[in-house]
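Below is one structure; the comments refer to it alone.
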Amino acid sequence: MSFGFYFPTKAAPTAQWVPVTQPEYPAGEVLDYPEQINSTTAGGTLYVQEKGSQRQTFQFNFSRVSQSDRDSAQTFFDTVKKSFNLFKFEDHHAQLHTVRWMNEFNFKLVLFGKYSGSIDLRKELL
């Protein structure tokens, strides 16, 4: 199974994280139009205004990753500076996506030497 994070590209990465511990499944792949405004009139008519484009996100939960895997993830997080830099994400189908890291780095110690946390990615529609 292919799964990894590469900055700036997979072909020539200056930083990468290929997790030893794979994320838990099912992984979240959400497709939404979050910039819509809607309102219902007193007569029951629904009005919807489109204010933005489609948004796709990926959500991954990791359980009990090793200290070295967690440190590699944090190094990658520091390199891409959370959502400041775009990077490539390779999913379990070996497809590359251009994404941004959208949540804080939150891998917490759950057992001696084992960490759990989550990653939220936003796909950039280029």
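We did not get these values from a lab; they are worked out from the coordinates using the rules stated. All values derive from a computational prediction rather than experimental measurement. Virtual Cβ from ideal backbone geometry, glycine too; neighbours counted across all protein chains shown.
Compute the longest continuous run of the chain that contains no exposed chymotrypsin sites (Phe, Trp or Tyr not before Pro); treat a site as exposed when its DSSP state is not H, G, I, E or B and it has at most 11 other Cβ atoms within 10 Å. Before the final figure, lay out the partial values.
On the way: sites that count: PHE84, PHE112.
Free of exposed loop sites, the longest segment is 1-83.
Please go through the range 1-103 and write out the GluC sites (Glu not before Pro) that DSSP classes as loop and that have at most 13 other C-beta atoms within 10 Å.
On the way: sites: GLU24, GLU29, GLU35, GLU50, GLU90; in loops: GLU24, GLU35.
When the GluC sites (Glu not before Pro) of the range 1-103 are filtered for loop state and at most 13 Cβ neighbours within 10 Å, GLU24, GLU35 remain.
List the residues, sorted by chain then number, that are 5 or more residues from GLU124 or on another chain and whose placed amide H is less than 5 Å from its amide H.
Under 5 Å from the amide H of GLU124 lie the amide H atoms of THR98, VAL99, ARG100, each far enough along the sequence or on another chain.
Take the chain, connect every pair of alpha-carbon atoms lying under 10 Å apart with a spring to form a Gaussian network, then pick out the residue of PRO13, PRO23, PRO34 with the largest mean-square fluctuation.
PRO34
Quick check: residue separation of TYR47 and HIS97 times 0.36 nm, minus the Cα distance between them. What number comes out in nm? Numbers along the way, then the final one.
Values: separation 50, 0.36 × 50 = 18.00 nm, distance 3.39 nm.
Extra length available between TYR47 and HIS97 comes to 14.6 nm.
Setting aside same-chain residues fewer than 8 positions from LYS108, which lysines have a Cα under 24 Å from its Cα?
Correct list for LYS108: LYS81, LYS82.
Which of the following values of Kirkwood radius over Cα pairs in Å was calculated from the structure shown: [x] 23.8; [y] 16.1; [z] 14.5?
Only one listed value fits the structure, namely [y].
So what is the relative contact order for the chain, in percent, with contacts set as C-alpha pairs under 8 Å and at least six apart?
Numbers: 249 pairs, mean separation 35.6, N = 126.
That works out to 28 percent.
Run through the range 29-126 and list the trypsin sites (Lys or Arg not before Pro) located in a DSSP loop whose Cβ has at most 13 other Cβ atoms within 10 Å.
Details: sites: LYS51, ARG55, ARG64, ARG70, LYS81, LYS82, LYS88, ARG100, LYS108, LYS114, ARG122, LYS123; in loops: LYS51, LYS81, LYS82.
Answer in residue order: LYS51, LYS81, LYS82.
Mean-square fluctuation check for the chain, GNM, Cα pairs under 10 Å: which of THR75, THR98, THR41 is largest?
Of THR75, THR98, THR41, the most mobile in the Gaussian network model is THR41.
Roughly how many whole Å is it from the C-alpha centroid of the range 86-112 to that of the range 8-24?
9 Å
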